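The values are calculated or read from the model by the stated rules, or taken from the named source; none is laboratory data. Just so it is clear, the model here is predicted, and its values are computed rather than measured. So basically every Cβ, Gly included, is an ideal-geometry build from the backbone, and we count neighbours across all protein chains shown. Remember, those area values only see protein heavy atoms, side chains included, never the ligands or the DNA or RNA. Shrake-Rupley method; radii C 1.70, N 1.55, O 1.52, S 1.80 Å.
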Amino acid sequence: MKLFKEFKEFAVKGNMMDMAIGIIIGASFNKVIDVLVKKILLPPLSLLTDGVNFQNKKIILKEAVLDDSGNVLTDVVAIGYGALGEALLDFMIIGFTVFIVVKFLNRLKNRAQDTKDETVVTPKDIELLSKLTDLMEEQNKLLKTKQL
């Protein structure tokens, strides 16, 4: 549940950098996800549903009109809900993958910003701000002891 809550916060409240990373990674994973959905996930689902190909599922609003020789005069008018389902599955897989990658990168970023963590190199600006904060706290303690 916690992972789902974090995913929801990411999707709704993600900052600009998270969104940029998501777009770039999502675009790069598009081909992989497309193959994953079409070649790995949908065939077993189609087998379970007695060979139904979801990509071809549609609601026909108007049948195609053919002439006597079988040539199409007007095309079929249909709502392709199967293609929409496949696109939604693609979107969910890409979104979750991007979320996991950003979560991992944020964890690394937080570790790098922790000045007490010696296993990771802290950026100079964070290190300097940390030292400045320590000096201010020390100065405040000295001022408090002088007032007493």
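Things worth noting here:
- Each helix, a run of at least 4 DSSP H residues, gives -39500 (n - 2.57); summed and divided by the residues of the chain, these come to -21000 deg cm²/dmol at 222 nm.
- About the Cα centre, charge dipole magnitude for the chain (Lys/Arg +1, Asp/Glu -1 at Cβ), debye: 800 debye
- Intensity falloff of the chain expressed as log10 I(q)/I(0), Debye formula with alpha-carbon point scatterers, at q = 0.16 Å⁻¹: -1.04
- Solvent-accessible surface of the chain, taken per residue with a 1.4 Å probe and all protein chains present: 81 Å².
- Per-atom-type breakdown for the chain gives carbon and sulfur 65% of the accessible area (1.4 Å probe, protein chains only).
- Derived scalar couplings ³J(HN,Hα) [region 111-124; Karplus, 6.51 cos²θ - 1.76 cosθ + 1.60; whole Hz; x for Gly, Pro]: 5, 5, 7, 7, 6, 7, 7, 7, 6, 10, 6, 8, x, 4
- Listed residues 33, 120, 145: farthest to the positive end of the dipole of the chain (Cβ charges): 145
- Charging the Cβ of each Asp and Glu at -1 and of each Lys and Arg at +1, and nothing else, the dipole of region 65-148 about its Cα centre rounds to 1100 debye.
- Table column - 3J(HN,Hα) (Hz), region 100-108, Karplus curve with 6.51, -1.76, 1.60, x for Gly and Pro: 5, 5, 5, 4, 5, 5, 5, 5, 5
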